[in-house]
Amino acid sequence: MDSHQVSAARLISQGLVDATASTTPTPLSVVRNLGCVQAQALGGALVSIALRTGTSVTAVRAAMDAGDIVRSWTQRGTIHLVAADDLGWVLGLTGQRTLKSVAKRREVFGIDDAMVDAAAQLAEEAIRDRGPLARQELLDAFEPLQAGKEYGHERYLITTLALRNIIAQGPMVEGKDDMKYVLTADWIPNPIELDDEAALHEWMTRYVLSHGPVTVEDAARWTGLPKTPVRTALAAAVSADEIVEVSIDGRDHYQAPELADRLHEGRSRANELLLLPGFDEIILGYKDRSATLDPAHEKLVVPGGNGMFKNTLIDGTRAQATWKRSPRKTGPRLIIDPFDAQHVDVDRAEAVAASHPAFV
């Protein structure tokens, strides 16, 4: 494999193309296999999962309501979707690290351990009394704390409880791209328990199998963890024959053992035109995105360098344009902004949109 094939291989690993899998993916299996799914823009995350299952956003929402998938701040201080029974061991790897990184910000807003403990008790009482709560309902439960109504107070109270694995977002808010807060001890009655070494081994193996080929730098950036333990976990997975190490243009990469064969069989399908939401893992899941997104075009997709990712049109395994839904009720479904002088087959894109989960 050379660098020109990396994007095609990643599209296959991520389940965006190639239907050679022996089992039909479900929303839960997609999220579990990917390890975690960026969900800052929840509507886009639901579409990302639907694209990998060949189902609808409605089916993905049903998996949330069933308790299969939850949303929490699993890594990099950013909110993700994760298999519910995996949440505890993932936060075991990342939660304390994230809490330490924002300790000074909590101090700025006067949030100390006593306030967090009181907030935990109020959350438990309110949720057990009334069931899953929307964000404002949870904040209303914190009113006795008199913590203030600034965004920082609200944000750090909620995220601290989430990082301590006391609360998470569970079922969907009906009719909205939002989720209600639940108590993890009640919502996830049978969590998977792993020690840190086993947990990191599991996480890194899943990441490589679902994102490969990847580098140590990609994996460290994705988890937000230091490179040394990440490198150790990857080496252990290679020794166990769960993943393989390959050299691509002189750099060490990790991938599934069968990926080269799948790439050979599915390369033509990898050239399909794809309409991906802005935070999709094919763009977000790597430190080095250049295999799919030309660095010259990165600011067109990520205008601020981080924080907001536009929808991308992938064709021939490469990002060719950004896109958004047309506000018109009739006529073309898409507004497409090609990169530079890139040619985009608008008719093909419209044909894809006709059955796309973002439009159905």
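The values are calculated or read from the model by the stated rules, or taken from the named source; none is laboratory data. From a predicted model like this one, the values you see are computed outputs, not experimental measurements. All Cβ positions, glycine included, derive from the backbone under ideal geometry; neighbour counts span all protein chains shown. Ligands, DNA and RNA are excluded from the accessible area calculation, which covers all protein heavy atoms including side chains. Shrake-Rupley method; radii C 1.70, N 1.55, O 1.52, S 1.80 Å.
Observations on the structure shown:
- Looking only at the stretch 184-208, residues that are crowded, with 16+ Cβ neighbours inside 10 Å, part of a helix (DSSP H, G or I) and more than 15 Å from the chain's Cα centre (by Cα) come to 7 in all.
- Considering the stretch 170-183, and only residues there that are touching a residue at least 60 places away in the same chain (Cβ under 8 Å) and either within 18 Å of the chain's Cα centre (by Cα) or open to solvent by 10 Å² or more (accessible area, probe 1.4 Å) (or both), the residue that is farthest from residue 117 (Cα to Cα) turns out to be 177.
- Failed condition for residue 288, given (1) part of a helix (DSSP H, G or I); (2) among the acidic types (Asp, Glu); (3) touching a residue at least 60 places away in the same chain (Cβ under 8 Å): (1)
- Cβ separations smaller than 6 Å between residues 6+ apart or across chains give the following pairs from the stretch 201-212 residues that are in contact (Cβ under 8 Å) with a residue 24 or more places away in the chain and of a type in the set (S, T, N, Q) to residues that are assigned to a helix (DSSP H, G or I) and open to solvent by 30 Å² or more (accessible area, probe 1.4 Å): 210/33.
- Some residue of the stretch 139-155 being of a type outside the set (Phe, Trp, Tyr) and under 30 Å from residue 198 (Cα atoms): no
- Answer residue from the stretch 136-169, given it is of a type in the set (Lys, Arg) and modelled with pLDDT under 95 and is least open to solvent (accessible area, probe 1.4 Å) among those: 155
- Selection within the stretch 288-314 - at pLDDT below 95, closer than 19 Å to residue 358 by Cα and surrounded by 15 or more Cβ atoms within 10 Å (Cβ to Cβ): 309
- Spans of helices (runs of 4 or more DSSP H) in the stretch 1-111 with at least 2 residues closer than 22 Å to residue 309 by Cα and polar (S, T, N, Q): 6-13
- Scope the stretch 49-73; condition among the hydroxyl-bearing types (Ser, Thr, Tyr), touching a residue at least 24 places away in the same chain (Cβ under 8 Å) and open to solvent by 10 Å² or more (accessible area, probe 1.4 Å); matching residues: 53, 55, 56
- Considering residues of the stretch 142-171 that are assigned to a helix (DSSP H, G or I) and among the hydrophobic types (A, V, I, L, M, F, W, C) only, the residue nearest to residue 107 (Cα to Cα): 157
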